[in-house]
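Below: one structure, written as structure tokens.
The values are calculated or read from the model by the stated rules, or taken from the named source; none is laboratory data. Just so it is clear, the structure is predicted and the values come from calculations on it, not from any experiment. A quick note on method: Cβ atoms are made from the backbone with ideal geometry, for glycine too, and the neighbour counts reach across all protein chains shown. Protein only, heavy atoms only, side chains kept; ligands, DNA and RNA dropped before computing areas. Shrake-Rupley method; radii C 1.70, N 1.55, O 1.52, S 1.80 Å.
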Amino acid sequence: QVQLVESGGGLVQTGGSLTVSCEAPGSIFDVATMGWYRQAPGKQREVVATITRGGSPYVANSVKGRFAISRDNAKNTVTLQMNSLKPEDTAVYYCHAVAQGIHVYWGQGTQVTVSS
């Protein structure tokens, strides 16, 4: 069972910042597009940001200008830096990896709560 190990998240006030990180096994990380999804209560899971093996990022419009994704290939880690957080950013955030276009992996999820 491939494990994506997430860390970070927590509770922050509106306007604050949080960081979530995800470590993947090297065999996966080296060939995968990594990303973060989120799921708020009663809503569908949605993509937040992704980053390719080569470091090309994609950030959803809903968080563009506030969130940034990066990867550290030496540490097999992908990080989502979240700034200017809003209550609507409250969700469980999931690390995601797609290797070779067909193998999909998920983390267990980490809660991010933004209080108003």
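Just one of the numbered conditions (1) farther than 15 Å from L4 by Cβ; (2) touching a residue at least 12 places away in the same chain (Cβ under 8 Å) is not true of V59; which one?
Among (1) farther than 15 Å from L4 by Cβ; (2) touching a residue at least 12 places away in the same chain (Cβ under 8 Å), the lone unmet condition for V59 is (2).
Could you look through region 91-114, keep only residues that are small (G, A, S) and within 13 Å of the chain's Cα centre (by Cα), and pick out the one that is surrounded by the fewest Cβ atoms within 10 Å (Cβ to Cβ)? Steps first, answer last, please.
Step one: of region 91-114, the residues small (G, A, S) are 91, 97, 99, 101, 107, 109.
Narrowing the set further to residues that are within 13 Å of the chain's Cα centre (by Cα) leaves 91, 97, 107, 109.
On the way: A91: 22, A97: 23, G107: 22, G109: 17.
Checking each candidate, the answer is G109.
If we keep just the residues of region 2-41 that are surrounded by 19 or more Cβ atoms within 10 Å (Cβ to Cβ) and in a loop (DSSP other than H, G, I, E, B), which is farthest from the chain's Cα centre (by Cα)?
Among those that are surrounded by 19 or more Cβ atoms within 10 Å (Cβ to Cβ) and in a loop (DSSP other than H, G, I, E, B), it is A24.
Among the strands (runs of 3 or more DSSP E) confined wholly to region 42-116, which include 3 or more residues that are closer than 17 Å to G15 by Cβ and in contact with a Leu (Cβ under 7 Å, 6 or more places away or on another chain)? Before the answer, list the steps.
Values: elements: 46-51, 57-59, 67-72, 77-82, 91-99, 103-106, 110-115.
Those strands (runs of 3 or more DSSP E) span 110-115.
If only one of N73, N61 is open to solvent by 60 Å² or more (accessible area, probe 1.4 Å) and closer than 22 Å to G101 by Cα, which one is it? Let's see the steps before the verdict.
Numbers: N61 fails: closer than 22 Å to G101 by Cα.
The match here is N73.
What pairs come out if I take residues in region 24-48 that are without any contact (Cβ under 8 Å) to a residue 40 or more places away in the chain and pair them with residues that are charged (D, E, K, R) whose C-beta lies under 8 Å away, six or more apart or interchain?
E46/R38
If I filter region 76-90 down to residues being free of Cβ contacts under 8 Å to residues at least 60 places away in the same chain and within 17 Å of T113 (Cα to Cα), which single residue comes out as surrounded by the fewest Cβ atoms within 10 Å (Cβ to Cβ)?
Narrowing region 76-90 to residues free of Cβ contacts under 8 Å to residues at least 60 places away in the same chain: 76-78, 88-90.
Now restrict to residues that are within 17 Å of T113 (Cα to Cα): 88-90.
On the way: E88: 12, D89: 22, T90: 18.
Checked region 76-90; the qualifying residue surrounded by the fewest Cβ atoms within 10 Å (Cβ to Cβ) is E88.
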